[in-house]
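Have a look at the structure below, then the notes.
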Amino acid sequence: MKITVTHVSKEIHGVKVLKCVTMTLEGGAVYGFLGRNGSGKTMMMRAICGLISLTEGRIEIDGRVLGKGLDFPGDMGMLLETPVFLPERTGYENLRLLAAIRGKITPEEIVSALEQVGLSAEDRRKVRKYSLGMRQRLGIACAIMEPPKLLVLDEPFNGLDEGGCRMLRELICRHREEGCLILLACHDREELESLSDHIYKVDGGVFTQVR
Amino acid sequence: MFRYDLYYGFRDCRLKWLGALLVQIYFANAAYRACSMAGGPVGALGYLTWLFQGKPEYFAAETGRFELPVPWLLLHACLLFLVGFYPANDLTRSGGQAFVRMRRRRDWLLGKAVWVVGTAAAYYVCLTIILVLYAFLAEGLAGQAYLEEWQMQGAEWNVFWGKYITGSPEALKSLFGIPIAEMGGMAIFLSWWAEPFLVSVTLCLAEMVLSLVLEPALALFLALGYLTASVFWAEPALLGNYAMLMRQDFWSGIEAVSFSGCVAGCGVFGAAVLMIGMKLIRKKDIFQTEECA
């Protein structure tokens, strides 16, 4: 997968949250976005996911312009902000409902995704009883269950214990080796630097490549 | 997407459904009490007539005080409340997890439109079942002696069908002035069920599209305002007229308020609403927020 971002700007209520961003992203690499809260990392991720329209510029996914004939990148998994699920259903049931929309994967693949993040499909606990870390793991499972070519992870380490962080690092490395294009936003500079092949520093909507 | 909407939509609306059913039962009882002076059983059709009759055309000089047909308005309001919040909530609740799984943005909108139509259909089916059950319980079990006397007078109608579903044509004529015996089954179905249903679906779709750009509560308020305007003005362009039995051609003589007019009006309005909705959803920014209701 190749994503080309050309002179992308986004204005909301008169405030420019993305300013003339240009970058080229290719599969098989991890791109880290480093910046403080409100700098524009999540907004850029939303733009690439097709969730927001652009004020200027364009985003191309494998040569096709997002917003013109292509509404969303295909084969994408995303974890943006706080994952929200049905509280009265189990984790597995929540993922089954979402997976049924595309109908691309089998129940066994959902089970496998849950196991990769350290959860169990047999767990009968409802999501309302999940800890923050478990919800985060479920969100990651949701992002990877339909084998993605693009993985968008916004602050994925939030709420994870040491074992969970280790799991996520291995998962990111594995997906990168499989050719997945990974966008990663993280407050922990060391974590980001250890995982990312390329790093963009984000400040006031401006993206500057530092690695 | 259908199964997703079926589950998520019901889960979002389960308390509202409970409220809607209670409202329907309340009005079934109100209809029974209002129709009990008919001099004969009126059945579910009679109750539905009382609920959906609406008001005659309002003329300030002749009619005096403007009155709203409360049962009619509240039943439609209930349905609008039932469908008004889920589409907007779904868009923002999970940050778009379901949204990005669609091939196109418009597919999400069309999926929600299907859900709206299904919910409206279920609402009308529930209303019909409640009215039939009420007729059975109220007029059947409670009014057994009264019905035996009526039968002794030689009225000729199918016992069950006449008692609980269509009622006595003589009773309906004496209560409402409608020559129902002269109307065929299809005409009754179109006027009593099909037209109100089409109007409800069209208004619900309009409300759904409005909730993409406005707060759902405001969209609901605007839809109710449009319905109220239909009571005030007997204009075929105001779709609420087709949902009021008193405004229809067989009752009021207003030829334009007919089933064909209803299909044309709802068809044009509904198509326009969906086209506008598709344009709006193409450009809408999706952010994760708190649920609206």
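The values are calculated or read from the model by the stated rules, or taken from the named source; none is laboratory data. Computed from a predicted structure; not experimentally measured. A quick note on method: Cβ atoms are made from the backbone with ideal geometry, for glycine too, and the neighbour counts reach across all protein chains shown. Please note that ligands, DNA and RNA were not included when accessible areas were found on the heavy atoms of the full protein model with its side chains. Shrake-Rupley method; radii C 1.70, N 1.55, O 1.52, S 1.80 Å.
A few notes on this one:
- Residues located in segment B:225-241, provided they are more than 17 Å from the chain's Cα centre (by Cα) and surrounded by fewer than 17 Cβ atoms within 10 Å (Cβ to Cβ): B:Phe232, B:Trp233, B:Glu235, B:Ala237
- Top-ranked residue in segment A:99-110 [being at pLDDT 90 or above and crowded, with 18+ Cβ neighbours inside 10 Å; ranked as nearest to the other protein chains (Cβ to nearest Cβ)]: A:Ala99
- Residue ranges of strands (runs of 3 or more DSSP E) in segment A:163-210 with at least 3 members on the phi < 0 side of the Ramachandran plot and open to solvent by 10 Å² or more (accessible area, probe 1.4 Å): A:198-203, A:206-209
- Annotation for segment A:74-88: at least one member residue is open to solvent by 20 Å² or more (accessible area, probe 1.4 Å), more than 8 Å from chain B (Cβ to nearest Cβ) and under 19 Å from the mean Cα position of the chain (by Cα).
- Residue match in segment B:244-255 (condition: hydrophobic (A, V, I, L, M, F, W, C), touching a residue at least 40 places away in the same chain (Cβ under 8 Å), within 14 Å of chain A (Cβ to nearest Cβ) and part of a loop (DSSP other than H, G, I, E, B)): no
- Total residues in segment B:7-28, condition aliphatic (A, V, I, L, M) and within 10 Å of another protein chain (Cβ to nearest Cβ): 0
- Residue in segment B:99-123 that is nearest to the other protein chains (Cβ to nearest Cβ), counting only those that are of a type in the set (D, E, K, R) and open to solvent by 20 Å² or more (accessible area, probe 1.4 Å): B:Arg104
- Checked across segment B:181-188, the condition of being assigned to a helix (DSSP H, G or I), modelled with pLDDT under 90 and buried (at least 16 other Cβ atoms within 10 Å of the Cβ) holds for at least one residue.
- Residue that is farthest from B:Lys283 (Cα to Cα), among those in segment A:71-88 that are out of contact with any Leu (no Cβ under 7 Å at 6 or more places or on another chain) and modelled with pLDDT of 90 or more: A:Met78
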